[in-house]
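Just below is one structure, and these are the notes that go with it.
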Amino acid sequence: MSVRAKKHLGQHFLKEPSIAQRIAQAADYTLAPNCLEIGPGMGVLTQFILQEKTNTYVIEIDSESVEYLQAHYLELSQRIIAADFLKTDIQKHVPGPFVLQGNFPYNISSQILFRALEYKTIIPQIVGMFQKEVAERVCAPHGNKTYGILSVLIQAYYRCEYLFTVNE
């Protein structure tokens, strides 16, 4: 069984394990007891997060991906949240602070960051793969032409670092 990417969900599956491993290793799991991965798809990043000392939760809107995760990641069975991150009260599903991770869907990555700000007191760190332009905008310094409201708000609560570029 495999899952096909759905354009209407902005899905762009991470397929390269070495990139997923770099993303997982970039997080500091000592900052919170839990990790929430948004949009795990078929679990390419998930498999590396599960190797860390953290309670891993995943939130997935795509029912086909949820089915795949339930079949292939039995250890997550009680921590798979079949819902939309943008519309879900995460505190009802994840007990306490969490690191937020994911290969964020291109078409809603800014919305995800704005939503994450609503939980800034329980999200000490956000690590993920973003479209290059979004990552540059988030990390842009004051005075840069891409510096804007997203830069201002994220940088008010988080230290931003552009880690690496993924070439297709």
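Okay, residues lined up against (1) open to solvent by less than 20 Å² (accessible area, probe 1.4 Å); (2) among the polar types (S, T, N, Q); (3) assigned to a helix (DSSP H, G or I):
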residue	(1), (2), (3)
A71	no, no, yes
L76	yes, no, yes
N144	no, yes, no
T165	no, yes, no
Only one of (1) buried (at least 19 other Cβ atoms within 10 Å of the Cβ); (2) in contact with a Lys or Arg (Cβ under 7 Å, 6 or more places away or on another chain) is not met by L86, so which one is it?
(1)
Result of the Cβ filter at 7 Å on region 107-135, keeping first residues that are over 14 Å from G39 (Cα atoms) and in a helix (DSSP H, G or I) and partners that are small (G, A, S) and open to solvent by less than 20 Å² (accessible area, probe 1.4 Å), at least 6 apart or interchain, is V134/S109
For G96, indicate whether it is open to solvent by less than 40 Å² (accessible area, probe 1.4 Å), modelled with pLDDT under 95 and more than 27 Å from S18 (Cα to Cα).
yes
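Quick grid of which residues meet (1) modelled with pLDDT under 95; (2) closer than 25 Å to E16 by Cβ; (3) surrounded by fewer than 16 Cβ atoms within 10 Å (Cβ to Cβ):
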position: I80; (1), (2), (3): no, yes, no
position: Q91; (1), (2), (3): no, no, yes
position: P105; (1), (2), (3): yes, yes, no
position: K120; (1), (2), (3): no, no, yes
position: F130; (1), (2), (3): yes, yes, no
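Rundown of residues vs (1) buried (at least 16 other Cβ atoms within 10 Å of the Cβ); (2) within 15 Å of the chain's Cα centre (by Cα), yes/no style:
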residue	(1), (2)
R115	yes, yes
I126	yes, yes
A140	yes, no
R159	no, no
So which pairs qualify, if the first residue must be in region 18-35 and closer than 19 Å to P97 by Cα, the second must be in a helix (DSSP H, G or I), the Cβ gap must be under 6 Å, and the two must be at least 6 apart or on different chains?
A24/F48; A24/I49; C35/I49
Per-region count, region 46-68, residues without any contact (Cβ under 8 Å) to a residue 60 or more places away in the chain and within 18 Å of G128 (Cβ to Cβ):
15
Could you list, in sequence order, the residues of region 58-69 that are open to solvent by less than 30 Å² (accessible area, probe 1.4 Å), under 21 Å from N34 (Cα atoms) and in contact with a Gly (Cβ under 9 Å, 6 or more places away or on another chain)?
V58, I59, E60, L69
Return a yes/no flag: does region 31-50 have any residue that is among the hydroxyl-bearing types (S, T, Y), in a loop (DSSP other than H, G, I, E, B) and at pLDDT 95 or above.
no
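The values are calculated or read from the model by the stated rules, or taken from the named source; none is laboratory data. Because the structure is a prediction, the values reported are computed rather than measured. Because the Cβ atoms are built from the backbone with ideal geometry, glycine has one as well, and the counts that use them run over all protein chains shown. Just the protein is used for accessible areas: all its heavy atoms, side chains included, with ligands, DNA and RNA removed. Shrake-Rupley method; radii C 1.70, N 1.55, O 1.52, S 1.80 Å.
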